């Protein structure tokens with residue numbers, strides 16, 4: 001899944017969107033989720049991972065990645 005579909009109707013500004021997508025791709029690469037149709041990519045994007053962290057106002061790519069990793073670890 002492309003994270004862009006989940007972000008298309010959000011109110012994030014362009015700079016925030018850039019941080020979110022960069023963090024998302026970094027986390028997927030770290031988890032070796034290269035296949036765009038891998039359902040695990042959905043978990044990275046949704047839940048309390050990338051988008052959930054971004055909704056708190058976080059904009060820093062490194063902190064977004066760390067937040068997503070923590071969320072995915074439970």
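Could you grab the relative contact order for the chain? Cα pairs under 8 Å, six or more apart, rounded to a whole percent. Can you show the working numbers first?
On the way: 68 pairs, mean separation 26.0, N = 74.
The value is 35 percent.
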Fill in: Separation of the residue 42 and residue 25 label points, Cα + 7 Å toward Cβ, nm
2.3
Discussion item. Would the chain count as rounded, prolate or oblate if I go by the C-alpha gyration tensor, calling it rounded below 1.5 in a/c and otherwise prolate when a/b exceeds b/c, oblate otherwise?
Written reply: oblate
Worksheet item: Each label point is 7 Å from the Cα along the Cα-to-Cβ direction; what then is the distance between the points at residue 10 and residue 34, in nm?
Response: 2.6
Worksheet item: In deg cm²/dmol and to the nearest 500, what is the mean residue ellipticity at 222 nm of the chain if only DSSP H runs of at least 4 residues count, each as -39500 (n - 2.57), divided by the residue total?
Response: -18000 deg cm²/dmol
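Computed from the coordinates by the stated procedures, all read-outs in this text should not be read as laboratory data. Predicted model, so just to flag it, every value in this text is computed and none were measured. Using ideal geometry, Cβ is built from the backbone for each residue, glycine included, and neighbour counts are taken over all protein chains shown.
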